[in-house]
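What follows is one structure encoded as structure tokens, with my remarks underneath.
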Amino acid sequence: MLSLVRPLCAAVFALVMAGAGCTMQPVDARSLTPNVPQPADTRRVEIPLYIILDPVKLPDTMTAQGQGVKPIEVSGLHSFVERDLQKTLSQVFASVTVAPPSAPAPTGLFFTGEVLVSALTSYAGPPAPGTTAAGAYPRMQWSLHIRAYGAPADAFVYQGTAQSKLAITSVRETSPAFQSMFEDALVRLMAHFDGQRAYDRLSRTGR
């Protein structure tokens with residue numbers, strides 16, 4: 001138990017130091033390079049996916065806050081959708097487009113996608129299952145809704161919490177933990193997509 005308490009106290013002490021004047025290094029998500037998970041089902045839905053990136057619903061900059069952890073500003077959040085989510089979903093849809101709400105809608109049959117980030121937080125604690133060390137861990141509560149254009153209900157919904165598997169143990173090294181958090185978000189999404197047999201359901205749309 002003592003071996004666990006000591007690294008935890010050291011990490012929390014480092015983060016408390018932020019309250020004495022040091023600030024947490026801001027994170028620019030555009031500079032991150034999250035690994036894209038491979039889907040279990042390699043078939044692709046032939047109906048195009050059109051993701052509407054609304055800056056009102058998903059700000060490009062948010063602040064991760066948590067008890068005992070100095071706030072961490074995260075900018076470039078749109079890159080999670082424009083780069084990471086687009087790459088991931090391109091493995092299960094033949095065509096994926098990310099566009100602002102002002103862009104003209106495609107012609108023909110297509111799916112619309114909406115991404116929401118409801119909370120960006122952090123917490124200080126001991127290693128959680130699957131994590132590496134005591135320290136501060138960023139979390140993101142987010143969702144993806146997909147429905148056929150004009151349909152009254154969603155055809156696929158994912159809602160979940162992503163958590164970094166890397167701890168923040170220094171106020172100067174925050175980006176690796178957020179990259180791990182984004183990777184966890186993508187892994188959990190694809191696991192849900194496969195588990196819900198989303199390919200079969202989405203491919204039947206319009207038939």
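Per residue, the convex hull spanned by the Cα atoms of segment 161-207 measures out at 72 cubic angstrom. Amide H contacts for GLY160 (H built 1.01 Å from N in the peptide plane; partners 5 or more residues away or on another chain; cut-off under 5 Å): TRP142.
Here THR169 sits with roughly 80 square angstrom of accessible surface, probe radius 1.4 Å. Among ARG204, ARG172, ARG188, the sequence by solvent-accessible area, most first, with a 1.4 Å probe is ARG172, ARG204, ARG188. How large is log10 of I(q)/I(0) for segment 99-189 at q = 0.14, 0.22 Å⁻¹ when the intensity is taken from the Debye formula with one equal scatterer per alpha-carbon? Results for segment 99-189 at q = 0.14, 0.22 Å⁻¹ read -0.61, -1.02. Remark: spin-label model distance CYS22-ASP194 equals 4.0 nm, labels positioned 7 Å along the Cα→Cβ axis.
For the chain, take the longest principal axis of its alpha carbons; what is the angle in degrees between that and the long axis of helix 175-195, to the nearest 10 within 0 to 90? Once rounded, the angle reads 40 degrees.
Note the listed values (i) 10.9; (ii) 12.5; (iii) 18.9, then indicate which one is mean projected area of the Cα convex hull in nm² calculated from this particular structure. It is the one labelled (ii). Please list, in chain and number order, the residues 5+ apart from ARG147 or on another chain whose amide H is under 5 Å from its amide H, with Hs placed from the backbone. Long-range HN contacts for ARG147: THR112, ALA155. Within the listed set ALA162, ALA151, ALA191, the Gaussian network model of the chain (springs between alpha-carbon atoms below 10 Å) gives the highest mean-square fluctuation for ALA151.
When nucleic acids and ligands are ignored and a 1.4 Å probe is applied, GLU173 ends up with an accessible area of around 120 Å². Highest mobility in the GNM of the chain, judged by mean-square fluctuation with C-alpha springs under 10 Å and restricted to SER102, SER170, SER31, is found for SER102.
Dipole magnitude for the chain: computed about the Cα centre from +1 point charges on Lys and Arg Cβ and -1 point charges on Asp and Glu Cβ, it is near 300 debye.
The values are calculated or read from the model by the stated rules, or taken from the named source; none is laboratory data. Quantities reported herein were computed from a predicted structural model and do not represent experimental measurements. Here Cβ is always computed from backbone atoms with ideal geometry, including for glycine, and neighbour counts include all displayed protein chains. Areas reflect the complete protein model, heavy atoms only, side chains present, ligands, DNA and RNA absent. Shrake-Rupley method; radii C 1.70, N 1.55, O 1.52, S 1.80 Å.
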